[in-house]
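Trainee: Let me give you the structure first, and then I'll get to my questions.
What follows is calculated from the coordinates using simple rules that are stated; it is not laboratory data. Please read these numbers as outputs of a predicted model, since none were measured by experiment. All Cβ positions, glycine included, derive from the backbone under ideal geometry; neighbour counts span all protein chains shown.
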């Protein structure tokens with residue numbers, strides 16, 4: 001996983017839950033000294049997932065709640081600082097979500113060893129989109145959180161339902 005994700009997670013936890021919570025989660029995950037991470041760094045998925053699970057314990061929240069908090073923070077705070085160009089000219093949540101696959105490809109094309117998730121789209125009807133999540137990481141709860149964050153960013157009341165480990169249903173207003 002790219003370091004930018006870990007840096008955003010650390011920033012979110014520090015700002016929303018307190019700086020000490022990040023350190024407690026690292027310790028609980030068996031990390032004695034915080035490593036220096038750069039945005040383009042490769043961070044072992046197992047380590048990131050261990051930290052996320054420890055964060056859930058330290059914060060007393062479920063994985064789904066952590067994923068929703070991260071999705072909201074990533075879309076509405078963090079990405080606005082470094083990935084704002086991807087939002088230019090995109091007026092709706094629907095249009096943004098339909099660009100997510102190409103955004104992941106474009107934003108990681110110059111990063112060595114990047115393995116971003118990929119997305120496929122299927123329309124159930126004119127208001128209902130099925131997004132298929134393709135990744136070995138198994139982070140579908142984070143996809144749900146990110147989609148909810150996109151809805152909040154565009155001020156649209158999206159109905160988001162996880163259909164399994166690799167599919168999400170989005171009903172647009």
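Trainee: When only Cα pairs under 8 Å and 6 or more residues apart are kept, what is the percent relative contact order across the stretch 3-61?
Mentor: Relative CO of the stretch 3-61 lands at 46 percent.
Trainee: Quick one: Debye curve from the C-alpha atoms of the stretch 91-171, no solvent, what's log10 I(q)/I(0) at q = 0.23 Å⁻¹?
Mentor: Calculated log10 I(q)/I(0) at the listed q: -1.15.
Trainee: Roughly what angle does helix 19-28 make with the longest principal axis of the chain, taking Cα atoms, 0 to 90 degrees, to the nearest 10?
Mentor: 80
Trainee: What translational diffusion coefficient, to the nearest whole µm²/s, does the stretch 51-122 have by Stokes-Einstein, given a Kirkwood radius computed over alpha-carbon pairs, a temperature of 4 °C and 1.567 mPa s viscosity?
Mentor: 91
Trainee: Give the angle, between 0 and 90 degrees and rounded to the nearest 10, that separates the Cα long axis of helix 93-108 from the longest principal axis of the Cα atoms of the chain.
Mentor: Relative to the chain, helix 93-108 is tipped by roughly 50 degrees.
Trainee: On to the next question. What area, in nm² and to one decimal, does the C-alpha convex hull of the chain cast on average over all directions?
Mentor: Directional mean of the projected Cα hull area for the chain stands at 9.7 nm².
Trainee: Taking Rh as the Kirkwood radius computed over C-alpha pairs, what is the Stokes-Einstein D of the stretch 3-61 at 20 °C in a medium of viscosity 1.002 mPa s, expressed in µm² per second?
Mentor: For the chosen part, D equals 188 µm²/s.
Trainee: Relative contact order for the stretch 91-171: what is it in percent, counting Cα pairs under 8 Å that are at least 6 residues apart?
Mentor: 28
Trainee: Given labels modelled 7 Å from the Cα in the Cβ direction, how far is it in nm from residue 62 to residue 113?
Mentor: Spacing of the two 7 Å Cα→Cβ label points: 3.5 nm.
Trainee: Would you mind calculating the relative contact order of the chain from Cα pairs under 8 angstrom and at least 6 residues apart, reporting the percent as a whole number?
Mentor: 22
Trainee: Taking the 0 to 90 degree range and rounding to the nearest ten, how far is the long axis of helix 3-17 tilted relative to the main principal axis of the chain, both from C-alpha atoms?
Mentor: The angle comes out at about 80 degrees.
Trainee: Using only alpha-carbon positions, what ratio does the radius of gyration of the stretch 98-142 give when scaled by 2.2 N^0.38 Å?
Mentor: 1.30
Trainee: Only helical DSSP H runs with n ≥ 4 go in: add -39500 (n - 2.57) per run for the chain, normalise by residue count and round the 222 nm mean residue ellipticity to 500 deg cm²/dmol.
Mentor: Result for the chain: -15500 deg cm²/dmol, rounded to the nearest 500.
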